[in-house]
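Chemist: Pasting a structure below so you can have a look.
The values are calculated or read from the model by the stated rules, or taken from the named source; none is laboratory data. Computed from a prediction, not measured in an experiment: that's the story for all the values here. Backbone-built Cβ (ideal geometry, glycine too); neighbour counts: all protein chains shown. Ligands, DNA and RNA are stripped out before the accessible areas are found, and what is left, the full protein with its side chains, is counted by its heavy atoms. Shrake-Rupley method; radii C 1.70, N 1.55, O 1.52, S 1.80 Å.
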Amino acid sequence: MPAVASVPKELYLSSSLKDLNKKTEVKPEKTSTKNYIHSAQKIFKTAEECRLDRDEERAYVLYMKYVAVYNLIKKRPDFKQQQDYYLSILGPANIKKAIEEAERLSESLKLRYEEAEVRKQLEEKDRREEEQLQQQKRQEMGREDSGAAAKRSVENLLDSKTKTQRINGEKSEGAAAAERGAITAKELYTMMM
């Protein structure tokens, strides 16, 4: 017999109880009641093992399947004729335990699915915020780069103008005025106003 796990297994079969319930459906087949009983016994045993392994989703599905098969068996004509016999084979306490466990697992899974959904939404929100932050950083870096590039281009322009003046033997207006101690046209205009 497997040891009882302390932590429930991660959710892997479904993302909601509604979707999980779709996996519990059992379609009636034209088979003997004994085959149904044999299947029900196997399903219940496997459900118990999954419960002990803390695989809540699979245990829930199997308990629900057990209840569905049990209900199919009860509708069979030969069950009605030998009800005590078939109930003794199925185990009188098994159906009660299956229903109780399915209800308990249903509540647990409902909470876990809600928690997983909230966690997923928070992670998505964090991811979007991180993307926005990175995009803002890229834009700021782009602005800084364009500002630095503009400054460099102005400096390059001034440097090239100075170089051109030196090559032609000209002096810049500011340098010429500083040398002579004269007033530039701009300074004169501002003085007159």
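Chemist: Name the residues in segment 21-44 that are assigned to a loop (DSSP other than H, G, I, E, B) and farther than 30 Å from Ala116 by Cβ, would you? Spell out the reasoning first.
Modeler: The initial filter retains those residues of segment 21-44 that are assigned to a loop (DSSP other than H, G, I, E, B), namely 23-32.
Of everything in segment 21-44, those that are assigned to a loop (DSSP other than H, G, I, E, B) and farther than 30 Å from Ala116 by Cβ turn out to be Pro28, Glu29, Lys30, Thr31, Ser32.
Chemist: Cβ-Cβ distance below 8 Å, separation of 6 or more or different chains: which pairs start in segment 12-31 with a residue that is modelled with pLDDT of 85 or more and end on one that is small (Gly, Ala, Ser) and part of a loop (DSSP other than H, G, I, E, B)?
Modeler: Leu20/Ser14; Lys23/Ser14
Chemist: On to the next question. Sort through Lys110, Lys97, Lys120 and tell me the only one that's under 30 Å from Ser16 (Cα atoms), open to solvent by less than 90 Å² (accessible area, probe 1.4 Å) and modelled with pLDDT of 90 or more.
Modeler: Sole residue among the options that is under 30 Å from Ser16 (Cα atoms), open to solvent by less than 90 Å² (accessible area, probe 1.4 Å) and modelled with pLDDT of 90 or more: Lys97.
Chemist: Within segment 6-50, count every residue that is open to solvent by 60 Å² or more (accessible area, probe 1.4 Å) and hydrophobic (A, V, I, L, M, F, W, C).
Modeler: The total comes to 1.
Chemist: A further question follows. Could you please let me know if Tyr63 is among the aromatic types (Phe, Trp, Tyr) and at pLDDT 95 or above?
Modeler: yes
Chemist: Here's a check for you: in segment 32-62, which residue that is of a type in the set (Ser, Thr, Tyr) and touching a Leu at 6+ places or on another chain (Cβ under 7 Å) is farthest from Ile89 (Cα to Cα)? Show your work before the answer.
Modeler: The initial filter retains those residues of segment 32-62 that are of a type in the set (Ser, Thr, Tyr), namely 32-33, 36, 39, 46, 60.
Add one more test, that the residue is touching a Leu at 6+ places or on another chain (Cβ under 7 Å), and what stays is 36, 46, 60.
On the way: Tyr36: 11, Thr46: 17, Tyr60: 22 Å.
Selected residue: Tyr60.
Chemist: Being open to solvent by 100 Å² or more (accessible area, probe 1.4 Å), over 30 Å from Ile73 (Cβ atoms), in a helix (DSSP H, G or I) and of a type outside the set (Gly, Ala, Ser): is that true of Arg128 here?
Modeler: Working: open to solvent by 100 Å² or more (accessible area, probe 1.4 Å): yes; over 30 Å from Ile73 (Cβ atoms): yes; in a helix (DSSP H, G or I): yes; of a type outside the set (Gly, Ala, Ser): yes.
Spelling it out, Arg128 is indeed open to solvent by 100 Å² or more (accessible area, probe 1.4 Å), over 30 Å from Ile73 (Cβ atoms), in a helix (DSSP H, G or I) and of a type outside the set (Gly, Ala, Ser).
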